[in-house]
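Peer 1: One structure, as structure tokens, below. Some questions next.
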Number of protein chains: 2
Amino acid sequence: MVTPMTTTSPQGRTELLRPDGSPVRVLVVDDEQSITELLSMALRYEGWQIRAAGDGHGALQTAREFRPDAVVLDMMLPDMDGLTVLGRLRRELPDVPVLFLTAKDAVEDRIAGLTAGGDDYVTKPFSLEEVVARLRGLIRRSGAADRRADSVLVVGDLMLDEDSHEVSRGGENIHLTATEFELLRFLMRNPRRVLSKAQILDRVWSYDFGGQANVVELYISYLRRKIDAGREPMIHTRRGAGYLIKPATS
Amino acid sequence: MVTPMTTTSPQGRTELLRPDGSPVRVLVVDDEQSITELLSMALRYEGWQIRAAGDGHGALQTAREFRPDAVVLDMMLPDMDGLTVLGRLRRELPDVPVLFLTAKDAVEDRIAGLTAGGDDYVTKPFSLEEVVARLRGLIRRSGAADRRADSVLVVGDLMLDEDSHEVSRGGENIHLTATEFELLRFLMRNPRRVLSKAQILDRVWSYDFGGQANVVELYISYLRRKIDAGREPMIHTRRGAGYLIKPATS
DNA sequence: TGGATTTCTCAGGGAAATCACAGATTGCCG
DNA sequence: CGGCAATCTGTGATTTCCCTGAGAAATCCA
């Protein structure tokens, strides 16, 4: 049975709001404008308020005035070392969580201690779903946001825990690879909505992915094997339009 | 997250209005005048206010002054790259959704990232129904429009969900192909109104469709088999004039 | 370092969708 | 009622889209 009698929230997902009901504020700091634009677009789409800065000084200045609830901070800035920015940021806004952007290789040594303070990082090139998910986690745990927002997505008897990365259907645990997990998360954050292959590529794969669009088909195929295997299918193809997920009992 | 369905307007057609009740404003940017004219006509018909521009500079200038709620932007402009226009546009109007027009083959490489922020695209040659539908989706989700407007069309016991692409009659699910879906959407957006074969061809098929006009008859026939099969017919022929859809009980 | 896992490309197969064509049917007119 | 035009629909060719196996390349992990 179709359920056109019901509507999802405007964006088909739970809003993350501050306790007073105002939107979450996020400051994005990166010297590449294409990156700040990409992130701003994606994060605005989450319903958050975004400001961007291109260097350390701009970041600190904007932070003072904007009072963000979270910061996305590139480790490589033209005028200032990422750690320096972090230090000064902490003096102004001690409790604001920071999501670091860092090159793939430069990770281990310098980031290690950083996440101890409740911060987190992603490596470039990242996927938007990953950044959004990490940010949501940070904001949720920092207490800036309404606690109602929790980390478990549920569609039918399918459950996905964004914190523990655990997935189960009908109580049975399912192991997914990182990419499979992100794809499923994206589908489950937009239940009953057709998502085009382009949309999926844009959100789930890294922004610099240059490969064939049929990876999406491939990973849908993998997911089906694990999620739908033998059971009533939840992942559906809309030929010429895209894919969607919905509870089996309909 | 689910809310009860609100009542539909008598004609089953929900107007898309801004919160203050004024009409939605859309900026159309394409260097081919035949395209901007085609689009302007179709979009005005939706009750929206339209402005057109033929190049990047004109687009930015018009955007500043016109403050559109959405932009239709060709990726190929004479003076400026589509991505450049997008970037500058974003600086002025951070929250305005953009619908990109792009050549069919140019998709893979250049589109990357475009749908990331909730934007969307259609490939040339497009059908007007598709452009209108995508634009409505963008505007609805951007929050510029009244949130009550939802994505479900209802005529009698026939329901069509533009988000999930699901169609049902009397609670029974019906599978439609992409073309059947667009045709039915067009009919349902104009209930009780006779639509000529020419109108249907112009709105549902691509603007460069060169085939036989009797595809319309063929697809009406397909639709009847699925929608009306056995039941009281809702799709009616007005010989010499066209077709119309209306609730069965009248 | 070497094996296991994951990611992705490539290509074949197959199913579905689209559409042309033509004969059947229907409605309208005198 | 006969004839004409408009419409309907069965058939099948063609195209498009999607699925998936096989294996190469990259990555992870012990």
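The values are calculated or read from the model by the stated rules, or taken from the named source; none is laboratory data. The model shown is predicted, which means the values in this text are computed figures rather than measured ones. Glycine also receives a Cβ, built like all others from the backbone with ideal geometry; neighbour counts cover every protein chain displayed.
Peer 1: I'm checking my understanding of the structure. Among residues of the range B:234-243 that are within 17 Å of B:Arg189 (Cβ to Cβ) and within 11 Å of DNA strand D (Cβ to nearest atom), which one is surrounded by the most Cβ atoms within 10 Å (Cβ to Cβ)? Before you say what the answer is, go through the steps one by one.
Peer 2: If we filter the range B:234-243 for residues that are within 17 Å of B:Arg189 (Cβ to Cβ), which is where we start, we get B:234-236, B:242-243.
Still in the running and within 11 Å of DNA strand D (Cβ to nearest atom): B:235-236, B:242-243.
Values: B:Ile235: 18, B:His236: 14, B:Gly242: 18, B:Tyr243: 22.
Ranking the qualifying residues of the range B:234-243, first place goes to B:Tyr243.
Peer 1: So how many residues does the range B:227-236 have that are more than 14 Å from chain A (Cβ to nearest Cβ) and within 15 Å of DNA strand C (Cβ to nearest atom)?
Peer 2: Counting residues in the range B:227-236 that are more than 14 Å from chain A (Cβ to nearest Cβ) and within 15 Å of DNA strand C (Cβ to nearest atom) gives 4.
Peer 1: Any idea how many residues of the range B:201-225 are modelled with pLDDT of 95 or more and within 11 Å of DNA strand D (Cβ to nearest atom)?
Peer 2: Looking only at that region, the number is 12.
Peer 1: Quick check on the range A:223-233: of everything there that is surrounded by 15 or more Cβ atoms within 10 Å (Cβ to Cβ) and not basic (Lys, Arg), which residue is nearest to A:Tyr243 (Cα to Cα)?
Peer 2: A:Leu223
Peer 1: When you go through (1) within 9 Å of DNA strand C (Cβ to nearest atom); (2) more than 14 Å from chain A (Cβ to nearest Cβ) one by one for B:Thr179, which number turns out not to apply?
Peer 2: For B:Thr179, the exception is condition (2).
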